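Trainee: Sending over a structure as structure tokens; questions will come in a sec.
The values are calculated or read from the model by the stated rules, or taken from the named source; none is laboratory data. The structure displayed is predicted, hence computed values, not measured ones. Glycine gets a Cβ as well: all are built from the backbone with ideal geometry, and neighbour counts include every protein chain shown. Surface areas here come from the heavy atoms of the whole protein model, side chains and all, with no ligands, DNA or RNA. Shrake-Rupley method; radii C 1.70, N 1.55, O 1.52, S 1.80 Å.
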Amino acid sequence: MDSIEVNNLTKKFGGFTAVNNVSFKVKRGEIFGFLGANGAGKTTTIKMLCGILTPSSGDALVAGFSVKDQPDMVKRNIGYMSQKFSLYNDLTVSENIEFFGGVYGLESKLFLERKKWALEIAGLRGKEKTITGDLPGGIKQRLALGTAVIHKPQIVFLDEPTSGVDPIARRQFWELINQLAQEDITVIVTTHYLEEAEYCNSLILMDSGEIIARGNVFELKNNYLNKTIYEIECEPTLLTLEILEENNIGDEITMYGNTIHVIAPKKDDVELTIRNALSSQNILLKSVKKIQPTLDDVFVHLLESKNET
Amino acid sequence: MKILLRIIKKEFLQFIRDPKMFRIVLIAPVVQLVLLGYAANLEVKVIHTAVYNQSKGTTSRNLLRELKATGYFHLDYYVNNYKELQKLIDRGNVVLGLVFDKDFDSNIGASRKASIQAVFDASDGNTATISAGYLQAAIQKFNRKISLITLSKKGKEVRFPANIEPITRVWFNPELKTRIFMVPGIMSLLLMIITITLTSLAIVKEKEIGTFDQLIVTPIKPYQLILGKFIPFVAVGLIVIVIVLTAMAVVFNISVKGSLLFLFASSLIFVLSTLGLGLFISTVTKTQQQAMMIATFGVMMPMIYLSGFAFPIVNMPVSIQYITYLIPLRYFIEIIRGVILKGLGLADLWTQFVILIFFGILILFLSSLRFKKKID
Ligand SMILES: Nc1ncnc2c1ncn2[C@@H]1O[C@H](COP(=O)(O)OP(=O)(O)OP(=O)(O)O)[C@@H](O)[C@H]1O
Ligand SMILES: [Mg+2]
């Protein structure tokens, strides 16, 4: 069963189209990732799905309710952690939990149970009286997640929950997300970090308000990049880059740290061409090898080919 | 209902944890009341005067004695030329320079017209005008006296056809202390400032830190959110009134002549407008700083200038006078001054009361509509 079904969702701010005719489906219990650069339209899409921003056209069914016609029913069935959400810094841990538990109208037995759970996942048992503003970022984010799902919604939207959090805390946060998914909660999460895409069951990549790719990580790597990537280790890299470009080798040539990636169609083997082009020059060629494309490669490729058209 | 209580509780918790708020609400009003109360003092008590008497006869000395006797004129300096006089005025040592001509006394003796030159430092126009008034009154009085004397000297029985001396009695503010007039006005300002700023800041703060989106995604209804913000600040506003009334009684010895109940009822009606304006400000701003700017320069300053708080409305250009009818603060100040100074009640002030209700409902309704629209 689909937890979310989005049909031709569009949002215009004046003459500017922030989200353009977007459609996709999210299965129940899935971890669904939204990727995209700044301003791609991720937050705008999520706000529409939460029922707090009215679509300009199109509609979406969230937990079976239309975001356009029944936003209040949608709100009752979801949890949401906004991009900036950082709880009330001037309230204690316990007061924050009580406030959100209260506004969701939890009855006291369920509330106590959920409060205990929220404290547990944030690792804050016995520290209920701490002022929230004094907590470290990672713990605060977990507490924020705990309060966002205090009412046990079937769907939760997390807008860049891990931005500005250190890598260890990020990993712990993703473990928590996994735990939610195992409890059959659908998790929609946006992120800037491409490596986090690997944790998602399914992904969409947005750019300028449009979906430019979708699928799981494996599909994305295979379907959208029908090419081979060669990684070249050499010195000096800049000179190598120039030579390769002069010789028009492959479709795309990009620098990756101190290596160079050449992307070429699968059918032609360009390894030899590369070696020949460089051998005649003053270049120390350490290695040329075919590598698995990373999501980075896929996205750079997708964005570049989109900009060309 | 439960949700509303939750929000109110949260608001109070945040309020008491914020030392800045505590200062705004408890200390600032008293300090402002005292400072403004003294500063907004338009009366002139002492007129520092320098005398350049070229005549030195009896009459001139009598006049000076008379002036001194009023208690207002302090004859601090006697000088011997214009230059010195000029210097004293320039330095601000005196506001008034009195110059008697060489033939002042002889002129009077000969029943000719005698004149005195009075030089004012008009850099403070108010003080100068008021001092000039005092001087004129004093000289007139003296004039009458010497006419009587000279006439009787000539052996005539004197009877003025109508010797009318105006005896001015100022009601409600017998000592004509502007302070007494200003202080109730200051109380209305404080109530306005506190309710407008607290409301707009409390809402915009949530937007700024990102909890606003978090709130509207919960089942909280817009009206609950609005009430949850309003109720605590109305309570704070009422507490401030109590503080100010106490300070007023203790510091300025002004007590409320009319009904306290009517005073509080009007305050509650008045804050409908200010809360509405605060709510409106929160819908047009994104940061606390913006909200503060708009609240101060866009809303409160114009309200204060147009309310008749500082400048009497009758002295304004006619077109501006019409605008003042749109300022809720105007009516509230009329009510507050009426209740505190004159002991008036609903029977006398019902027009203002009804207009305030009307404005309150209108402003609150429109802002809530806008607020709700912004959320959806
Ligand atoms: N209320 C608004 N009025 C006008 N334009 C808006 C509004 N909200 C968002 N936008 C614009 O819509 C575009 C998409 O914004 P959105 O916040 O959805 O992007 P995003 O993918 O979440 O970006 P980020 O990674 O920075 O969070 C941006 O260009 C933004 O400036
Ligand atoms: Mg965003």
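Trainee: Every residue in the stretch B:200-249 that is assigned to a helix (DSSP H, G or I) and without any contact (Cβ under 8 Å) to a residue 12 or more places away in the chain, please.
Mentor: Selection gives B:Glu206, B:Ile209, B:Thr211, B:Phe212, B:Asp213, B:Gln214, B:Leu215, B:Ala235, B:Val242, B:Thr246, B:Ala249.
Trainee: So which residues in the stretch A:17-32 are away from ligand 2 (no atom under 12 Å from the Cβ) and closer than 21 Å to A:Thr54 by Cα?
Mentor: If the condition is that a residue be away from ligand 2 (no atom under 12 Å from the Cβ) and closer than 21 Å to A:Thr54 by Cα, then A:Thr17, A:Asn20, A:Asn21, A:Val22, A:Ser23, A:Phe24, A:Lys25, A:Val26 are the ones that fit.
Trainee: Only residues that are without any contact (Cβ under 8 Å) to a residue 40 or more places away in the chain and in a strand (DSSP E or B): list them for the stretch A:3-22, please.
Mentor: A:Phe13, A:Phe16
Trainee: Output the residue which, of all residues in the stretch B:168-185 that are part of a helix (DSSP H, G or I) and at pLDDT below 85, is nearest to B:Phe309 (Cα to Cα).
Mentor: B:Met182
Trainee: Given the options A:Ile204, A:Ile243, A:Ile253, name the one that is of a type in the set (A, V, I, L, M) and either part of a loop (DSSP other than H, G, I, E, B) or in the same structural domain as A:Ile121 (by TED's automatic domain parsing) (or both).
Mentor: So the residue among A:Ile204, A:Ile243, A:Ile253 that is of a type in the set (A, V, I, L, M) and either part of a loop (DSSP other than H, G, I, E, B) or in the same structural domain as A:Ile121 (by TED's automatic domain parsing) (or both) is A:Ile204.
Trainee: When the stretch A:220-256 is examined, which residues are found to be under 18 Å from A:Val300 (Cα atoms), among the polar types (S, T, N, Q) and surrounded by fewer than 16 Cβ atoms within 10 Å (Cβ to Cβ)?
Mentor: A:Asn222, A:Asn223, A:Asn226
Trainee: Take A:Thr44 and tell me if it is within 13 Å of ligand 2 (Cβ to nearest atom), in contact (Cβ under 8 Å) with a residue 12 or more places away in the chain and within 14 Å of another protein chain (Cβ to nearest Cβ).
Mentor: Considered against the rule, which asks whether it is within 13 Å of ligand 2 (Cβ to nearest atom), in contact (Cβ under 8 Å) with a residue 12 or more places away in the chain and within 14 Å of another protein chain (Cβ to nearest Cβ), A:Thr44 comes out as yes.
Trainee: Given the residues A:Arg114, A:Arg142, which is the only one that is touching a Phe, Trp or Tyr at 6+ places or on another chain (Cβ under 9 Å) and open to solvent by 10 Å² or more (accessible area, probe 1.4 Å)?
Mentor: Going through A:Arg114, A:Arg142 in turn, the sole match is A:Arg142.
Trainee: Filter the stretch A:30-57 down to residues that are out of contact with any helix residue (DSSP H, G or I) (no Cβ under 9 Å at 6 or more places or on another chain) and away from ligand 1 (no atom under 14 Å from the Cβ), then give me how many there are.
Mentor: 2
Trainee: Now for a separate question. Out of the stretch A:56-96, which residues are touching a Ser or Thr at 6+ places or on another chain (Cβ under 8 Å) and closer than 14 Å to A:Lys152 by Cβ?
Mentor: Residue satisfying the conditions is A:Ala63 alone.
Trainee: Same structure again: Please specify each residue of the stretch A:172-213 satisfying the condition of being away from ligand 1 (no atom under 16 Å from the Cβ), surrounded by 15 or more Cβ atoms within 10 Å (Cβ to Cβ) and over 11 Å from A:Ile31 (Cβ atoms).
Mentor: A:Gln172, A:Phe173, A:Leu176
Trainee: Out of (1) under 23 Å from B:Ala137 (Cα atoms); (2) open to solvent by less than 80 Å² (accessible area, probe 1.4 Å); (3) not in a helix (DSSP H, G or I), the odd one out for B:Lys56 is which?
Mentor: Exception for B:Lys56: condition (2).
Trainee: Quickly run through the stretch A:145-162 and pick out the residues that are open to solvent by 10 Å² or more (accessible area, probe 1.4 Å) and touching a residue at least 60 places away in the same chain (Cβ under 8 Å).
Mentor: Correct list: A:His151, A:Gln154, A:Glu160.
Yes/no matrix, rows are residues, columns are (1) assigned to a loop (DSSP other than H, G, I, E, B); (2) within 16 Å of ligand 2 (Cβ to nearest atom); (3) modelled with pLDDT under 95:
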site	(1), (2), (3)
A:Phe34	no, yes, yes
A:Gly39	yes, yes, yes
A:Leu53	yes, yes, yes
A:Met73	no, no, yes
A:Tyr80	no, yes, yes
A:Gln83	yes, yes, yes
A:Asp90	yes, no, yes
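Trainee: With respect to A:Leu106, is the statement that it is at pLDDT below 90 and either crowded, with 21+ Cβ neighbours inside 10 Å or outside any helix (DSSP H, G or I) (or both) true?
Mentor: yes
Trainee: So, one more: Between A:Ile97, A:Ile121, which is crowded, with 24+ Cβ neighbours inside 10 Å, in a helix (DSSP H, G or I) and more than 10 Å from every other protein chain (Cβ to nearest Cβ)?
Mentor: A:Ile97
Trainee: While we're here: Out of (1) free of Cβ contacts under 8 Å to residues at least 12 places away in the same chain; (2) surrounded by 14 or more Cβ atoms within 10 Å (Cβ to Cβ), the odd one out for B:Ile304 is which?
Mentor: It fails just one condition, (1).
Trainee: Now for a different question. Taking the stretch B:206-224, which residues are more than 10 Å from chain A (Cβ to nearest Cβ) and closer than 20 Å to B:Phe12 by Cβ?
Mentor: Within the stretch B:206-224, B:Tyr223 is the sole residue that qualifies.
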